[in-house]
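Enquirer: Handing you a structure now.
No value in this document is a laboratory result; all are computed from the given coordinates. Predicted, not measured: the structure shown is a model, and the values here were computed from it. We place every Cβ from the backbone using ideal geometry, glycine too, and count neighbours over all the protein chains shown.
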Amino acid sequence: MELANLRKELEIVGAFMANVLIAELYAKGKVASGNLVDSVEFQIVEKDDRVVVDLLADRYIINVSQGRKAGYPSGGDGSFLKALIEWVKIKSIETEDKKVKAAAWAIREAIFKRGIPATNVIEFAIEEIDKQVDAMVREAIFKDIKLHFDGVIDRLNR
């Protein structure tokens, strides 16, 4: 069965889902460089006998949404501190190199002691999406089913 209406509606649904997540990131003040917001996208994937809308974003959206427990990470490769240095620069907390590094170090220590609170941006986005998407998709499916059966009936009446 051709699902033209459903595919068209899924494009709208995908864009809606991405916009809801982006809006929640802005609402929670989780936009510094814009990289995370820019990484939010959707794709429509056909899997076996179903069509799925996947919402994608950089991996660290999980940390933004779920927060971070206090404590030192394993590994110690310095990537966390490097990311904080970039964040301090982006936010213009400090501009002089030594002060940027000192600020990043202080933030790192505070995070290790207290953690980072969860924002639940993913959970909120899912709730908002669930409120709207069922009705949007249901209408498109009904249109496709009607078109399919109208075609069957037309062929039977010939």
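Enquirer: Run the numbers on segment 1-60 and let me know its relative contact order in percent, using alpha-carbon pairs under 8 Å that are six or more apart.
Expert: After rounding, I find 32 percent.
Enquirer: Something else now. Contact order normalised by length for segment 70-116, with contacts defined as Cα pairs under 8 Å and 6 or more residues apart; what percent is it?
Expert: Here the relative contact order equals 55 percent.
Enquirer: What residues from segment 81-104 fall in the zone where the backbone N is under 20 Å from a label point 7 Å along the Cα-to-C-beta line of Arg59?
Expert: Of the residues in segment 81-104, 81-87 have backbone N under 20 Å from the label point off Arg59.
Enquirer: At a threshold of 8 angstrom on Cα-Cα distance, excluding pairs fewer than six apart, so keeping six or more, what relative contact order does the chain reach in percent?
Expert: RCO, the chain: 32 percent.
Enquirer: Quote the charge dipole size of the chain about the Cα centre in Debye, to the nearest 20; the model charges only the Cβ of Lys and Arg (+1) and of Asp and Glu (-1).
Expert: 780 debye
Enquirer: Given R₀ = 30 Å, FRET efficiency for Lys143-Glu123 by Cβ-Cβ distance, to 0.05?
Expert: Efficiency at R0 = 30 Å is approximately 0.45.
Enquirer: Right, something else. Only counting other Cβ atoms within 10 Å, I'd like Lys30, Lys98 sorted with the fewest neighbours first.
Expert: Ranking Lys30, Lys98 by Cβ neighbours within 10 Å, fewest first, gives Lys98, Lys30.
Enquirer: Could you tell me the center-to-center distance, by alpha carbons, between segment 59-118 and segment 14-33 in angstrom?
Expert: Result: 21 Å between the Cα centres.
Enquirer: Starting from the Cα-Cα distance between Arg7 and Ala102, subtract it from 0.36 nm times their residue separation and give me the gain in nm to one decimal.
Expert: 29.0 nm
Enquirer: Taking loop as defined by DSSP and a crowding limit of 14 other beta carbons within 10 Å, which GluC sites (Glu not before Pro) in segment 1-38 fit?
Expert: Passing sites in segment 1-38 are Glu2.
Enquirer: Cross-link list Lys30/Lys101; Lys28/Lys98; Lys28/Lys69: which exceed 26 angstrom alpha carbon to alpha carbon?
Expert: Lys28/Lys98
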